[in-house]
Every structure is written in C-alpha cells, then in structure tokens.
Ligand SMILES: NC(=O)c1ccc[n+]([C@@H]2O[C@H](COP(=O)([O-])OP(=O)(O)OC[C@H]3O[C@@H](n4cnc5c(N)ncnc54)[C@H](OP(=O)(O)O)[C@@H]3O)[C@@H](O)[C@H]2O)c1
C-alpha cells in the first residue's frame, strides 16, 4: 500500500489538502497539484513529511493514483487537462455535483452523476473510482479526528476499488466497496442531505456509517 504515489489535482483546496496531510503523515508519497505550482509548493511545505508540489499535470504524471478534488464547475476541464497523463492509472473522483446556491438540494447532472462525467471524459484506459463524497474536509484536516464514518467506494473493477479502499484506510477511515459508478449517484446526492442536516441539527460535519456485521471488513 505504501508503494502508491498519490497526486492530488486541486490539492491546495479544502478536501485535497486535508487528504494530502493524512496520506503524507501515513508515509505515502504525496504530490500536491495546482494551477499554480508555487502555491502547491507552499502547500506541500506546510504539510511536510516529504510532500511535494507542482502543477496539476506534474501531479498526475508523478502518481500511480490521481485524486481529483476541484469544484464540480471545473471537474470536466480539470480532467481533460490531465487525460494524457493518467492513461493506465486510477483516478479517484471526489466530485459532488453541487449547484450553488441550492446546495442542500440534490441536483444530479444530465449525465447521471459526476462519476459518469469523469468516466466519459477520461475514457476506457483510465480506472475511474469515485469516493470521499460524504466526509467533511474540515474533519479530515484535524489530525486528532478519529475518522468515524464510512467512505463508500464506487467503480467497475473490484481490484481498482480495493486500492482506493486501502487509500481510505491510510487516511484513517473505513472504506467500503459500494458497487458500480452508477451507484455513486446515491453518495453524491447524500452530500446535499448531510449539508441540510448539518444546518437543521446544528451538526459540525455529519457523516455516514453503514450498520451490520460486514464480513471481511
Ligand atoms: N469540502 C468538502 O468537505 C468536500 C467533501 C466531499 C467532497 N468534496 C468535493 O471535493 C471537491 C473539492 O472541494 P473543496 O471544498 O476542496 O473545493 P475548493 O477548496 O473550493 O477548491 C479546490 C481546489 O480547486 C482548484 N480550483 C478552483 N477553481 C478552479 C478552476 N477554475 N479550475 C481548476 N481548478 C480550480 C483550486 O486549486 P488551485 O487554485 O491551486 O488550482 C482549489 O484549491 C468538490 O468537487 C467537492 O464537491 C468536498
């Protein structure tokens, strides 16, 4: 597992930076990507633990697993930019198709979900896996947070999902196989439910937990 090299597109942002910190502290090789290499370098320096920074294409080239953490409005263009660098690799799409200002209402795109957009944009040579929709970035950013809650992991190929389940574990959470990219619709929509509940119940970052005795977990 620690042999994986992680490149984070938009890794200067809230989710990407929080994940970068967790993976770097866990001993993984982390490369923070940005549209601005200097900004990524500063972000990597702040994280330490050998984290590196550069532009998004350098992050994609460095990695065995590329993690996309940019807002929905920029998902497609960001993926198109790195498409040639990620052939044969795994790309983890974290995109939730939020359409401000109505972020407390599930609004799915005409393609079905953001994971399908990633799949269509990148093509068949890339192993698209979708995950991390239901975890709050500020929770992940707190090194003292115990990681309660589950991360549902979607993708067409079991082995590719497993590499991301392992990555979730390295970030201090429980990752669970949750089926096809079509199923990612449920997790992407659930984020709006959680944002609503955060407000309604005054929760500081609600998450999800699957109950029952899961064999093999
Ligand atoms: N925040 C959360 O709690 C959370 C939880 C689950 C899933 N997500 C998903 O994770 C993704 C990132 O969320 P976030 O809250 O981390 O976003 P964010 O902090 O607002 O932005 C992330 C990064 O995206 C890059 N970016 C901004 N505008 C861009 C543009 N026009 N073109 C290309 N890149 C651009 C920026 O990096 P540079 O300026 O360095 O290029 C920025 O640091 C979203 O799709 C979100 O739905 C977020």
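For the reader, a short list of remarks on this structure follows.
- Single residue of segment 106-133 satisfying the filter (part of a loop (DSSP other than H, G, I, E, B), in contact (Cβ under 8 Å) with a residue 12 or more places away in the chain and away from the ligand (no atom under 15 Å from the Cβ)) that is surrounded by the most Cβ atoms within 10 Å (Cβ to Cβ): 126
- Selection within segment 165-175 - in contact (Cβ under 8 Å) with a residue 40 or more places away in the chain and closer than 16 Å to residue 187 by Cα: 174, 175
- The single residue among 46, 40 that is touching a helix residue (DSSP H, G or I) at 6+ places or on another chain (Cβ under 8 Å) and modelled with pLDDT of 95 or more turns out to be 40.
- Residue identified as assigned to a loop (DSSP other than H, G, I, E, B), at positive phi and in contact (Cβ under 8 Å) with a residue 60 or more places away in the chain among 212, 205, 179: 205
The values are calculated or read from the model by the stated rules, or taken from the named source; none is laboratory data. Computed from a predicted structure; not experimentally measured. Every residue, glycine as well, gets a Cβ built from its backbone with ideal geometry; the counts of neighbours run over all protein chains shown.
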